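Novice: Encoded as structure tokens, here's the structure I'll be asking about.
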Amino acid sequence: MIKQFHNIFKRLNSYIHDSLSPRHFFIYSSILVGLSSGLTAIVLKYFVHSIETLVEYYSHTYEEFFLFTLFPIIGLALTTFYVQRFLHGNFKKGSAEIVYAITKKSSVLPSSQMYTHLITSALTVGFGGSTGLESPMVTTGSAIGSNYGRIYSLSYKEKTILLACGAAAGISAAFNSPIAGVLFAVEVLLADVSASAFIPLIIAAACGALLSKIILGEGVLLSFELAQPFNYHNVPFYIVLGILAGFLSLYYTRTFEWVDSKIKTVGNIWVRVITGGVLLSVLLLLFPPLFGEGYETIKTLSLLNPEDLVQNSLLNEVITSDYTLLIFLGCLAFLKSIAAALTIGSGGNGGSFGPSLFVGAYLGFVFARIVNLLGLAHIPETNFTLVAMAGILSGVLYAPLTAIFLIAEITGGYELMIPLMIVSAISITVVHYFEPLSIEAKKLSNILKSPLEDRDKHLLSRLDLTELIETNFSTITPNASLQELVKVISTSRRNIFPVLEQEELKGLVFLDNIRSIIFKHDQYDKVFVQDLMTSPPAIIEPNENLHAILKKFDETNQWNLPVVDNKKYLGFVSKSSILTKYREELVKSA
């Protein structure tokens, strides 16, 4: 039945492909990618929400909740088993891998990623792993868009846009926030975006949001209603909140990276699963809101019912006042990054999108409640809870526009736009001062072996050095005479001659340097190449990034430099060929 449906769909799509113009087919493709990516995000969201509802229904005390604290170990074990058994341990996750595919793999993602991230994230988060679903949703949607473009032999630019369409639709469906979906694709995935890309991105995001609106109920989606409008008298408190959000984002980033690196030092993967799972279970016994995504607990905070969050905790009996409750909630803001890192580092699949919103909500609520308890002012706790979510999301993902419009959309309007802008801008400014790159950007930088700071470096990172190596240079041995060198020069159109001994580069002979010797010397057989050669001004290695190579050209004032791999001569790279290829990439991205 499924095979018959697939064949019918394939024939229908082929007919539409042949009937429409390329431009109209591309728009049609963005609709299909948006619907497909949105639907997969909705299925994943509904599955995890159903399990969390089950946990909430059957756990009203810490004795009842105890069994559920063991779930993350099961989820991590099942995820690891799936990755090792069916993917042979080859499983890449995170937006850095998507950007790497855009940069180095012509926007082609493996077709397996259209379902592997769904399965692994459902097992991880569904069983209580303390991370978010948004990153797997983005990867799944991106893989759908990429493989659709590959099947229909679309251009690199069109594949890239469809890849971004899938990501935008995933975020849009998860939150019923199409604008945030588009902005996420632009800020996180597309370093360079032209006006022509926005139409398909908007269409795909709208399709994802429409499906979300039709299928998911209000209880599944993260949505809020504002009880109080924005009051400009509270601006000083929003400024302080922005600063706190910046430093807490910095703490999240550095703590996550440290815990993730430490848990990965455990060599045996099953020991790592058990170690991370047990540590996570202990955290859950003390701090139950860390279970799963934690979005339901954010709703509880926004409804100003924080006391409901401690009923399953072992610490329930010692939390007897407003101040001990605030300490408990404040600890959650600091522990979420540890829980998320343990989940992902131990073999689980997820991202920092959801944890960022979680941390922001607890920061905003605790800050507002402290201000109110101290009598400094009477500020709306729900508003500060929501605005701080944008501050942490902005500071962790380095995506302030996504953060601003996501919270604006899930609150049903733009009443909080001014404080959202203030807190998000201050937060990312503070973080950026200490950490120029986000967690994912640092991963990408390590993969590319290149710093990611601007458009030029990003475009240069797309180039493949091996494709730029020129091998049509005439070679000579060190023991060859000047007469033999002259014969080689007479048959070459180059003015540089690499001197090789058993494929090892010994030096270079520059025609300009020996021209006077050729015409004045009368004993060609008594002068040897080893007397005429000079050391290369610089050497290029195959794994060097193009930005560093261009720097070598500038420092040596050369237009051609040799490429050497473990002393073995491979050829030359010219500065002009790099610049020509760069201009081609510039045209592609326009």
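Novice: Please give the number of the condition Ile243 fails out of (1) under 29 Å from Leu304 (Cβ atoms); (2) without any contact (Cβ under 8 Å) to a residue 60 or more places away in the chain.
Specialist: So the condition that Ile243 fails would be (2).
Novice: Another one. Against the conditions (1) open to solvent by less than 10 Å² (accessible area, probe 1.4 Å); (2) farther than 16 Å from Gly132 by Cα, where does Leu406 fall short? Just the number, please.
Specialist: Going through the list (1) open to solvent by less than 10 Å² (accessible area, probe 1.4 Å); (2) farther than 16 Å from Gly132 by Cα, Leu406 breaks only (2).
Residue by residue, here is whether (1) more than 16 Å from the chain's Cα centre (by Cα); (2) open to solvent by less than 10 Å² (accessible area, probe 1.4 Å) holds:
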| residue | (1), (2) |
| --- | --- |
| Met114 | yes, no |
| Val125 | yes, yes |
| Glu134 | no, yes |
| Lys157 | yes, no |
| Ser177 | yes, yes |
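Novice: Please count how many residues of the range 82-96 are open to solvent by 40 Å² or more (accessible area, probe 1.4 Å), without any contact (Cβ under 8 Å) to a residue 60 or more places away in the chain and assigned to a helix (DSSP H, G or I).
Specialist: 2
Novice: In the range 97-113, which residues are free of Cβ contacts under 8 Å to residues at least 60 places away in the same chain, part of a helix (DSSP H, G or I) and touching a helix residue (DSSP H, G or I) at 6+ places or on another chain (Cβ under 6 Å)?
Specialist: Listed by number, the residues that qualify are Ser111, Gln113.
Novice: Could you tell me whether any residue of the range 157-169 is more than 16 Å from Ala205 (Cα to Cα) and of a type in the set (Ser, Thr, Tyr)?
Specialist: Looking through the range 157-169, none of the residues is more than 16 Å from Ala205 (Cα to Cα) and of a type in the set (Ser, Thr, Tyr).
Novice: While we're on this one: When only residues in the range 319-354 that are among the polar types (S, T, N, Q) and free of Cβ contacts under 8 Å to residues at least 24 places away in the same chain count, which is surrounded by the most Cβ atoms within 10 Å (Cβ to Cβ)?
Specialist: Thr324
Novice: Ok, one more. Which one of the conditions (1) within 22 Å of Gly94 (Cα to Cα); (2) open to solvent by 10 Å² or more (accessible area, probe 1.4 Å); (3) touching a Phe, Trp or Tyr at 6+ places or on another chain (Cβ under 8 Å); (4) of a type in the set (Gly, Ala, Ser) does Ser302 fail to meet, given that it meets all the rest?
Specialist: It fails just one condition, (1).
Novice: Next question, about the same structure. Answer yes if at least one residue in the range 286-298 is surrounded by fewer than 20 Cβ atoms within 10 Å (Cβ to Cβ), more than 18 Å from Phe358 (Cβ to Cβ) and of a type in the set (A, V, I, L, M, F, W, C), and no otherwise.
Specialist: No, that holds for no residue.
Novice: Looking only at the range 535-555, count how many residues are more than 36 Å from the chain's Cα centre (by Cα) and either farther than 21 Å from Leu500 by Cβ or hydroxyl-bearing (Ser, Thr, Tyr) (or both).
Specialist: Of the residues in that region, 1 qualify.
Novice: Would it be correct to say that Val359 is open to solvent by 10 Å² or more (accessible area, probe 1.4 Å) and either part of a helix (DSSP H, G or I) or over 17 Å from Ala180 (Cα atoms) (or both)?
Specialist: Answer is no for this residue.
Novice: Also: For Glu504, indicate whether it is in contact with a Lys or Arg (Cβ under 6 Å, 6 or more places away or on another chain), modelled with pLDDT of 85 or more and on the phi < 0 side of the Ramachandran plot.
Specialist: yes
Novice: Since His432 meets every condition but one in (1) surrounded by fewer than 19 Cβ atoms within 10 Å (Cβ to Cβ); (2) modelled with pLDDT under 90, which condition does it not meet?
Specialist: Going through (1) surrounded by fewer than 19 Cβ atoms within 10 Å (Cβ to Cβ); (2) modelled with pLDDT under 90 one by one, His432 breaks only (2).
Novice: Could you pull out the residue among Thr103, Thr61, Thr79 that is over 24 Å from Gly166 (Cβ atoms) and either surrounded by 21 or more Cβ atoms within 10 Å (Cβ to Cβ) or modelled with pLDDT under 85 (or both)?
Specialist: So the residue among Thr103, Thr61, Thr79 that is over 24 Å from Gly166 (Cβ atoms) and either surrounded by 21 or more Cβ atoms within 10 Å (Cβ to Cβ) or modelled with pLDDT under 85 (or both) is Thr61.
Novice: Residues Leu386, Leu401, Leu393, Leu397: which one is surrounded by fewer than 24 Cβ atoms within 10 Å (Cβ to Cβ) and among the hydrophobic types (A, V, I, L, M, F, W, C)?
Specialist: Of Leu386, Leu401, Leu393, Leu397, the one residue that is surrounded by fewer than 24 Cβ atoms within 10 Å (Cβ to Cβ) and among the hydrophobic types (A, V, I, L, M, F, W, C) is Leu401.
Novice: Further question on the same structure: Contact list please: Cβ distance under 7 Å, first residue in the range 293-308 and modelled with pLDDT of 85 or more, second residue open to solvent by 50 Å² or more (accessible area, probe 1.4 Å), pairs at least six apart or on different chains.
Specialist: Qualifying pairs under 7 Å: Glu296/Glu56; Thr300/Asp308.
Novice: Does Glu296 meet the test of being part of a helix (DSSP H, G or I), within 30 Å of Met417 (Cβ to Cβ) and among the charged types (D, E, K, R)? Explain how you work it out, then say what you get.
Specialist: Numbers: part of a helix (DSSP H, G or I): yes; within 30 Å of Met417 (Cβ to Cβ): yes; among the charged types (D, E, K, R): yes.
Against the criterion (part of a helix (DSSP H, G or I), within 30 Å of Met417 (Cβ to Cβ) and among the charged types (D, E, K, R)), Glu296 qualifies.
Novice: Within the range 208-238, work out how many residues are part of a helix (DSSP H, G or I), of a type in the set (A, V, I, L, M, F, W, C) and surrounded by fewer than 14 Cβ atoms within 10 Å (Cβ to Cβ). Explain how you work it out, then say what you get.
Specialist: Here is the first cut: in the range 208-238, the ones part of a helix (DSSP H, G or I) are 208-215, 232-238.
Then keep just the ones that are of a type in the set (A, V, I, L, M, F, W, C); that gives 209-211, 214-215, 235, 237.
Going one step further and asking which of them are surrounded by fewer than 14 Cβ atoms within 10 Å (Cβ to Cβ), we end up with 214, 235.
Qualifying residue count, the range 208-238: 2.
Novice: Check whether at least one residue in the range 305-316 is under 18 Å from Glu381 (Cα atoms) and either open to solvent by less than 20 Å² (accessible area, probe 1.4 Å) or among the aliphatic types (A, V, I, L, M) (or both), and report yes or no.
Specialist: Within the range 305-316, one or more residues are under 18 Å from Glu381 (Cα atoms) and either open to solvent by less than 20 Å² (accessible area, probe 1.4 Å) or among the aliphatic types (A, V, I, L, M) (or both).
Novice: Going through Asn513, Asn479, Asn495, Asn472 one at a time, which residue ends up being at pLDDT below 85 and of a type outside the set (A, V, I, L, M, F, W, C)?
Specialist: Matching residue, one of Asn513, Asn479, Asn495, Asn472: Asn513.
Novice: Inside the range 264-280, can you point out the residues that are open to solvent by 10 Å² or more (accessible area, probe 1.4 Å), in a helix (DSSP H, G or I) and touching a residue at least 40 places away in the same chain (Cβ under 8 Å)?
Specialist: Result: Ile269, Trp270, Arg272, Ile274, Thr275, Val278, Leu279.
Novice: Sticking with this one: Check whether at least one residue in the range 570-580 is out of contact with any Gly (no Cβ under 8 Å at 6 or more places or on another chain), over 18 Å from Glu467 (Cβ atoms) and not polar (S, T, N, Q), and report yes or no.
Specialist: no
The values are calculated or read from the model by the stated rules, or taken from the named source; none is laboratory data. Because the structure is a prediction, the values reported are computed rather than measured. Glycine also receives a Cβ, built like all others from the backbone with ideal geometry; neighbour counts cover every protein chain displayed. When the accessible area is computed, the model is the full protein with side chains, heavy atoms only, and any ligands, DNA or RNA have been set aside. Shrake-Rupley method; radii C 1.70, N 1.55, O 1.52, S 1.80 Å.
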